[in-house]
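Notes for the one structure printed next.
The values are calculated or read from the model by the stated rules, or taken from the named source; none is laboratory data. Being a predicted model, the structure only gives us computed values, none of them experimental. Using ideal geometry, Cβ is built from the backbone for each residue, glycine included, and neighbour counts are taken over all protein chains shown. These accessible areas exclude ligands, DNA and RNA; they are computed on the full protein's heavy atoms, side chains included. Shrake-Rupley method; radii C 1.70, N 1.55, O 1.52, S 1.80 Å.
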Amino acid sequence: MKNYLKTFTSLAVALVMIVSLIPYIPARAAAPEIDFSDYVVDSHPRLYVTSFDGLKEKFLSDPLTEGWYNQLISEATVISDGAVVAYDLEKLNSTTHLRRVIPSQDVLARFYCLTLATACEDSRALADRLWLEIEAAINLPNWHPGHWLETAEMIHSIALAYDWCYKFWTPEQRQQMENAIVNLGLNHAKREYAGNRRWYKWVYGMDGTETGSNWTVVCNAGVLIGSLAIYEKQPELCNTMINNAVRSMKAGLNAYSANGAFRENLNYWGYATRNLIMATDAFESAIGGNFNALPPIEAPFHYDFTKAPGISVTPDFPIYANGPAGVFNYGDGSGGSISSSPAFMWIGDRFNSPHYTKYHLDNIARKGHSGINLPLDLLWYQSGQMDKDLPEDKLFEENFASMRSSWDNESALWIALKGGINGKGHNHYDLGTFALDYGGVRFARQLGAIGYDWEGNRTQFYKGRTEGQNTIVVNPDETAGQNTAGTSEFTHFYSGNTSAYAILDMTGAYDKAVKTVGENSVTVDTTVTSARRGIKMYSDKNRIVIQDEVKMNAPSELYWFMHTLAKITLYNNNKSAVLTSGGKTLYFNLVSNCDAQFEVMTAAPLPTSPSPEDQPDSSGTKLAIHATGVTDTTIAVEVVASQGTEPVYSGYIVPLGILSV
């Protein structure tokens with residue numbers, strides 16, 4: 001016992017000594033709270049609009065928006081004739097269910113449609129049907145604060161219906177909605193802002209230095225809109241919530257780069273940016289339409305969130321992530337058609353950039369719009385003309401480089417190369433992956449999102465691993481294929497009328513690997529000492545070369561992968577390949593300083609890889625190159641768009657060092 005007490009005392013003394021060495025850092029003083037009571041307008045509606053008088057007539061005065069408005073009424077009718085949203089109370093009452101339980105995105109879209117239709121039509125019948133949706137939502141036991149996106153979107157939904165249809169509600173109905181916004185929403189937000197967070201950290205620091213994600217934007221947008229809607233009923237609470245939302249939103253704004261890129265992929269850009277503009281527009285109208293009238297706020301914060309760096313040009317991010325065949329859906333991105341957002345029109349109007357509006361209108365003409373985008377398109381509509389010629393090529397230093405042969409030619413050639421870092425939210429281990437389109441057909445594809453139904457370590461799943469991307473794998477084993485905290489850097493980029501190129505240093509993705517030793521993860525050196533990938537579009541932008549230069553300090557095994565749905569035919573002793581899809585043909589030719597050739601493989605794990613029985617589908621094939629015993633190798637793949645006849649290949653390698661001169 002004495003020995004135990006002696007040991008315990010020694011440990012306690014040592015702990016005190018260690019603590020005494022830690023410098024005292026005083027807590028950051030809370031910023032003085034700004035009083036919005038003199039600025040929030042005292043009537044309803046106040047979110048986005050301050051009156052619905054004449055809005056229907058405005059929509060009907062333009063042939064384009066007349067069609068949209070008729071579609072809105074049609075969709076509202078379908079909703080009204082259908083069932084009220086059903087909620088899973090068993091899952092909602094579970095404390096362990098950490099994914100979406102409430103279909104809050106669908107609820108929000110439904111509320112925007114019904115609420116705008118009700119207000120514009122001045123329809124008691126639609127208001128009564130809307131109340132059934134409201135009643136179902138506000139009588140839930142909770143809005144799933146364990147997954148705060150749902151809570152935020154439910155606050156947003158009820159706040160919108162409360163504000164836009166205020167005239168239709170009885171005092172008792174208003175009171176019920178106010179209570180729900182406070183008790184199921186804002187009181188939970190108050191705890192989140194105070195630091196009592198649950199499983200997801202969406203608030204981040206309140207000093208404006210941290211970087212958030214789509215969560216930060218969406219959750220703060222819901223809190224802000226809810227607080228503005230019922231401000232006069234709970235002024236003290238709502239005032240505090242608005243102050244907190246403005247400060248916390250800065251972390252979400254930090255997720256945008258100065259060039260408009262977003263730290264996550266295009267899907268999450270769309271989700272975040274739509275909510276960012278909704279929050280900005282609703283906030284501005286609710287305080288009388290003039291942010292400049294508010295008391296000054298210290299840097300780096302903004303009332304007008306669009307004053308943050310990069311927001312005025314952020315539509316460039318999806319514009320260049322869209323190829324002729326659709327989205328560059330790296331990471332957990334969804335594939336499919338070209339993407340844009342109603343935010344294009346709001347930003348285009350705000351910053352005198354009508355080409356953004358034109359791009360979005362053209363996209364609506366191609367594929368239409370529905371859901372939440374339809375009412376927002378009506379609210380934010382501006383006519384737009386292409387006021388400038390967009391460059392064909394663009395580099396987003398922390399995300400990707402994009403090149404194309406033309407904006408207008410249906411047979412355009414397009415390629416995008418991903419850089420950045422591993423380990424970000426919704427990313428895969430995919431540095432150096434690329435997408436390739438020709439003639440409106442996707443030839444080099446991404447496998448897309450792993451999905452939320454597959455929990456656990458995504459290094460186990462083919463879709464997330466490096467072998468499931470369009471990049472290289474060196475000495476494959478059970479590890480992810482790239483350093484899970486790996487980095488890459490674009491070292492060169494050039495855009496011209498007849499050629500363009502980008503060079504990506506991927507050494508930081510391959511020179512280390514994270515291995516599991518017992519119960520611990522350790523970082524170890526690999527054989528890779530240098531890895532660079534260059535992509536050049538040349539010959540009047542009708543040809544592409546994808547070139548890898550990799551150096552290893554010991555003989556190594558190397559794979560090169562390109563996933564595709566095209567039919568692959570090998571020829572020329574497997575040094576060349578022809579790919580056909582959708583009536584289009586691309587030719588591939590391999591030039592290398594090692595003994596390598598093309599082969600066709602299934603999109604499946606290598607024998608050395610983990611292969612969980614239950615994992616996301618990754619069907620299809622891949623064009624592959626396999627080399628063994630290599631130490632200093634260059635692999636160049638020439639891609640030629642040819643109209644049905646075999647091209648003449650250049651057949652030689654230009655070192656990346658010369659290419660970049």
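One table, with the values for the structure above:
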| read-out | value |
| --- | --- |
| Residues of the range 400-419 that turn out to be assigned to a loop (DSSP other than H, G, I, E, B) and open to solvent by less than 10 Å² (accessible area, probe 1.4 Å), as a count | 2 |
| All positions within the range 31-57 that are assigned to a helix (DSSP H, G or I) and either surrounded by 14 or more Cβ atoms within 10 Å (Cβ to Cβ) or touching a strand residue (DSSP E or B) at 6+ places or on another chain (Cβ under 6 Å) (or both) | Leu55, Lys56 |
| Whichever residue in the range 199-238 is open to solvent by 10 Å² or more (accessible area, probe 1.4 Å) and either assigned to a helix (DSSP H, G or I) or of a type in the set (Val, Ile, Thr) (or both) and, among such residues, is farthest from His188 (Cα to Cα) | Thr209 |
| Selection count, the range 583-597, where residues are more than 27 Å from Ser530 (Cβ to Cβ) and open to solvent by 50 Å² or more (accessible area, probe 1.4 Å) | 2 |
| Qualifying residues in the range 99-117 (those that are of a type in the set (Val, Ile, Thr) and part of a helix (DSSP H, G or I)) - the one nearest to Ile138 (Cα to Cα) | Val107 |
| Complete set of residues in the range 502-518 that are more than 18 Å from Met552 (Cα to Cα), of a type outside the set (Val, Ile, Thr) and either out of contact with any strand residue (DSSP E or B) (no Cβ under 6 Å at 6 or more places or on another chain) or open to solvent by less than 30 Å² (accessible area, probe 1.4 Å) (or both) | Ala502, Gly518 |
| Condition check for Leu558: open to solvent by less than 60 Å² (accessible area, probe 1.4 Å) and in a strand (DSSP E or B) | yes |
| Residue match in the range 561-574 (condition: more than 25 Å from Ser405 (Cβ to Cβ), more than 29 Å from the chain's Cα centre (by Cα) and surrounded by 16 or more Cβ atoms within 10 Å (Cβ to Cβ)) | yes |
| Residue list for the range 598-612, restricted to those being surrounded by fewer than 17 Cβ atoms within 10 Å (Cβ to Cβ) and of a type in the set (S, T, N, Q) | Thr602, Thr608, Ser611 |
| Any pair with Cβ under 9 angstrom, 6 or more apart, that starts in the range 358-381 at a residue that is open to solvent by 40 Å² or more (accessible area, probe 1.4 Å) and ends at one that is of a type in the set (Ser, Thr, Tyr) | Lys358/Ser383; Asp362/Ser340; Arg366/Ser337; Lys367/Ser337; Asn373/Ser341; Tyr381/Thr65; Tyr381/Thr357 |
| Restricting the range 148-194 to residues that are surrounded by 16 or more Cβ atoms within 10 Å (Cβ to Cβ) and part of a loop (DSSP other than H, G, I, E, B), the residue that is farthest from the chain's Cα centre (by Cα) | Trp169 |
| Residue check, Thr580 β-branched (Val, Ile, Thr), in a strand (DSSP E or B), in contact with a Lys or Arg (Cβ under 7 Å, 6 or more places away or on another chain) and open to solvent by less than 60 Å² (accessible area, probe 1.4 Å) | yes |
| Qualifying residue in the range 245-258 (condition: open to solvent by less than 10 Å² (accessible area, probe 1.4 Å), within 18 Å of Ser341 (Cβ to Cβ) and not in a loop (DSSP other than H, G, I, E, B)) | yes |
| Filter result (within 16 Å of Asn275 (Cα to Cα), out of contact with any Leu (no Cβ under 8 Å at 6 or more places or on another chain) and not acidic (Asp, Glu)) within the range 145-176 | Trp148, Leu149, Ala152, Ile158 |
| Qualifying residue in the range 95-108 (condition: open to solvent by 20 Å² or more (accessible area, probe 1.4 Å), more than 30 Å from Glu57 (Cα to Cα), of a type in the set (S, T, N, Q) and modelled with pLDDT under 95) | yes |
| Residues (open to solvent by less than 60 Å² (accessible area, probe 1.4 Å) and more than 30 Å from Pro612 (Cβ to Cβ)) located in the range 477-490 | Phe490 |
| Failed item, numbered, when Ala641 is tested on (1) modelled with pLDDT under 95; (2) within 25 Å of Ala480 (Cβ to Cβ); (3) in contact with a Phe, Trp or Tyr (Cβ under 6 Å, 6 or more places away or on another chain); (4) among the aliphatic types (A, V, I, L, M) | (2) |
| Qualifying residue in the range 322-332 (condition: part of a helix (DSSP H, G or I) and of a type outside the set (Asp, Glu)) | no |
| Residue among Leu436, Leu431, Leu390, Leu376 that alone is touching a Lys or Arg at 6+ places or on another chain (Cβ under 9 Å), part of a loop (DSSP other than H, G, I, E, B) and among the aliphatic types (A, V, I, L, M) | Leu431 |
| Test result for Gly326, on the phi > 0 side of the Ramachandran plot, open to solvent by less than 40 Å² (accessible area, probe 1.4 Å) and modelled with pLDDT under 95 | yes |
| The range 193-230: number of residues that are modelled with pLDDT of 90 or more and under 20 Å from Phe36 (Cβ atoms) | 13 |
| Subset tally (residues that are open to solvent by 20 Å² or more (accessible area, probe 1.4 Å) and of a type outside the set (Gly, Ala, Ser)) for the range 112-137 | 9 |
| Any hit, the range 421-432, residues being farther than 22 Å from Arg458 by Cβ and modelled with pLDDT of 90 or more | no |
| Selection from the range 58-68 of residues that are open to solvent by 50 Å² or more (accessible area, probe 1.4 Å) and either at pLDDT below 95 or not in a loop (DSSP other than H, G, I, E, B) (or both) | Lys58, Leu60, Pro63, Leu64, Glu66 |
| Tally of residues being aliphatic (A, V, I, L, M), surrounded by fewer than 19 Cβ atoms within 10 Å (Cβ to Cβ) and within 30 Å of Thr529 (Cα to Cα) across the range 628-658 | 3 |
| Qualifying residue in the range 76-84 (condition: open to solvent by less than 40 Å² (accessible area, probe 1.4 Å), part of a helix (DSSP H, G or I) and touching a Pro at 6+ places or on another chain (Cβ under 8 Å)) | no |
| Per-region count, the range 333-347, residues open to solvent by less than 10 Å² (accessible area, probe 1.4 Å) and either at pLDDT below 95 or part of a loop (DSSP other than H, G, I, E, B) (or both) | 3 |
